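The values are calculated or read from the model by the stated rules, or taken from the named source; none is laboratory data. No experiment lies behind these values; they were computed from the predicted model shown. Here the Cβ is made from the backbone with ideal geometry for all residues, glycine too, and neighbour counts use every protein chain on show. Ligands, DNA and RNA are stripped out before the accessible areas are found, and what is left, the full protein with its side chains, is counted by its heavy atoms. Shrake-Rupley method; radii C 1.70, N 1.55, O 1.52, S 1.80 Å.
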Amino acid sequence: MKKLFILYLLTITHSLLAQSTTKLKITESAEYKDEIKTIDILAIHTSESGETAIIRNGKHDFLFDIFDKNLKKTFSKVVEADNDEKFVGELFYRDQLKFFTVNAPEKDKRIVYCHTLNLTTKSCSKTTIFETTAEKNQSIFGSDRKHKTNFALSPNGDYFAIATDNILKNKNSYTIRVFESKSEKLIYTKSYQEDEQKRFEFNDLYIDNTTTVFSLGKLYKNGSSKKNEDGDANYQFVLNKITKDKTSFLLIDLENEHISSLSISNNNDELQLIGFYSELNISRIKGGCNFVIDTNNLSIKRKKTQSLPKQVYEDLYGYRTAERKNDKKKELRNFDIDYILRDEENNTYLIAEEFYITQVYVSTGMYGGGYWQTIPHYDDILILKFNPDGDVVWGRSVYKRATTPSYNAFVKNTDLHLILNSGKNLTEKTDGRTKLSKAWLESTSLYDLEYTNKGEVAYNKIQDNSGNEYYLPFFGTYQSNKFIMMNDGRKKKVFMTLE
């Protein structure tokens, strides 16, 4: 009787979600074998001609591969890495994938290299970009859990910029270096935000076609804590404008709100800063904000804020709870910006994922021994769509649970697609929510979450993974109207293309 009652409860609280098949065209490449076992993709890009360049990380080397439009390998090279050589960023333009690494041969010495994988000549080269010194055995590149944003390419591809930290013993200092893309010739070097007291934390980078660089980040008022004693933000967002001849900066402010996060977006030759804001503290999100910058006199032409739409709460909490949370404008927390995408009508999509870390104690069962295990959480996804005027058109969210970076996003025509793996059978709860996660002993499927121009969502299945290759969307790339991703096989490799 007890078992029947539990089964009844499960039946009335969950129902299988009606799923359709993705409208994207699906093709899989022929299988090929790798000489070296690895699934750690560091960079992947597809050219306009359909060739794909991939760089992966081996145990003591880097693997460079080129594939033709049918994803058949046409070039492969294994490059031995120096003892302390690490990947720090990459840029792609004009059939060349520039892959940047840094080496620390001595405690205070840093060497930055550029590996160029040329899809036209089917060749790979390595050059020294610059050398510098570092105090306190520190890194010259700020770290980010998913993205490397210390490198930027101009829209015409003629120039690229590199931002580095240069914190000295008694002074905070930061440096921009601008290079010509083709020759890798240094055009200029400029230090900025030099201060003995205030620390600058780099967030995003942009370079225009005239070699003017814009560096966005947080300028701390006192020390390096993100909050002061009252719990308010201990920093202001600042946009630095850097040219060969001078530097200037603009403080980015709202009235009484905290800016949670910002990223640079170049929308139809208009520089915008898009992100999230809060009324409570820097860790929370009440809505989206948009700043349009006059780059000539470095001022704010207009700024807008808008609360999260009610649909965001319905997707996360269900329609019953969403009413209350929307009325109170309940603030979300712990979301990091992953993607800023644009459609053919110049609408902008801001996509962020909830990220936090927990620790659990794992007992080994031997005399009371054990250890603490750190668990990263990559959970809910938040989506805001802005029109060209900076207004939030709609907002959605994905009720999701994962312990690794698991999704990718792209805009095809005017539809937004989120590609990710989840449990085989998606269930819709009685409160309207659809949870994307894998239950214990449940097999998985690959999904395409398709959002229309008006924000309506369809949960489209690409394949059941059981008996098929398991693909890794997070390491995929969308270019030339095609999304390409690789399977998780360590030696036997296959690609899937969605178009």
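Within the stretch 213-236, can one find any residue that is at pLDDT 95 or above, under 20 Å from ARG110 (Cβ atoms) and surrounded by 21 or more Cβ atoms within 10 Å (Cβ to Cβ)?
yes
What residue, among those in the stretch 266-292 that are outside any strand (DSSP E or B) and charged (D, E, K, R), is most open to solvent (accessible area, probe 1.4 Å)?
ASP269
Residues that are over 23 Å from the mean Cα position of the chain (by Cα) and open to solvent by 40 Å² or more (accessible area, probe 1.4 Å): does the stretch 99-106 have at least one?
Looking through the stretch 99-106, at least one residue is over 23 Å from the mean Cα position of the chain (by Cα) and open to solvent by 40 Å² or more (accessible area, probe 1.4 Å).
Name the residue that is modelled with the lowest pLDDT, counting only residues in the stretch 406-449 that are surrounded by 15 or more Cβ atoms within 10 Å (Cβ to Cβ), among the small types (Gly, Ala, Ser) and in contact with an Asp or Glu (Cβ under 7 Å, 6 or more places away or on another chain).
GLY423
Mind listing just one residue for me: the one in the stretch 389-405 that is open to solvent by less than 20 Å² (accessible area, probe 1.4 Å) and of a type in the set (A, V, I, L, M) and, of those, farthest from MET496 (Cα to Cα)?
VAL392
For the structure I just gave you, tell me whether LYS482 is in contact with an Asp or Glu (Cβ under 9 Å, 6 or more places away or on another chain) and more than 22 Å from LYS72 (Cβ to Cβ).
Taking the combined requirement at face value, the residue does not satisfy it.
Tell me which of these GLU442 doesn't satisfy, since it passes every other one: (1) without any contact (Cβ under 8 Å) to a residue 40 or more places away in the chain; (2) acidic (Asp, Glu); (3) touching a His at 6+ places or on another chain (Cβ under 6 Å).
(3)
Is it true that LYS169 is over 22 Å from the mean Cα position of the chain (by Cα), more than 30 Å from GLU354 (Cβ to Cβ) and at pLDDT below 95?
The answer is yes for LYS169.
Any residue that is touching a Lys or Arg at 6+ places or on another chain (Cβ under 7 Å), within 23 Å of LEU418 (Cβ to Cβ) and not in a strand (DSSP E or B) - is there at least one of those in the stretch 295-311?
yes
Only one of THR305, THR247, THR295 is open to solvent by 20 Å² or more (accessible area, probe 1.4 Å) and touching a Gly at 6+ places or on another chain (Cβ under 7 Å); which?
Matching residue, one of THR305, THR247, THR295: THR305.
When ASN203 is evaluated against the numbered criteria (1) farther than 30 Å from GLY157 by Cβ; (2) surrounded by 15 or more Cβ atoms within 10 Å (Cβ to Cβ), which criterion, by number, is the only one it fails?
Failing condition for ASN203: (1).
Looking only at the stretch 80-98, which residues are part of a strand (DSSP E or B) and within 27 Å of the chain's Cα centre (by Cα)?
LYS86, PHE87, VAL88, GLY89, GLU90, LEU91, PHE92, TYR93, GLN96, LEU97, LYS98
Looking for something part of a strand (DSSP E or B) and within 21 Å of the chain's Cα centre (by Cα) - is there at least one such residue anywhere in the stretch 423-434?
no
What number of residues within the stretch 250-261 are assigned to a strand (DSSP E or B) and either polar (S, T, N, Q) or open to solvent by less than 10 Å² (accessible area, probe 1.4 Å) (or both)?
3
Sort out which residues of the stretch 317-364 are part of a loop (DSSP other than H, G, I, E, B) and either open to solvent by 70 Å² or more (accessible area, probe 1.4 Å) or in contact with a helix residue (DSSP H, G or I) (Cβ under 9 Å, 6 or more places away or on another chain) (or both), and write them in order of number.
LYS328, LYS330, GLU344, GLU345, THR364
Specify the residue that is farthest from TYR459 (Cα to Cα); the eligible residues are those in the stretch 365-388 that are touching a strand residue (DSSP E or B) at 6+ places or on another chain (Cβ under 8 Å), open to solvent by 50 Å² or more (accessible area, probe 1.4 Å) and not polar (S, T, N, Q).
TYR371
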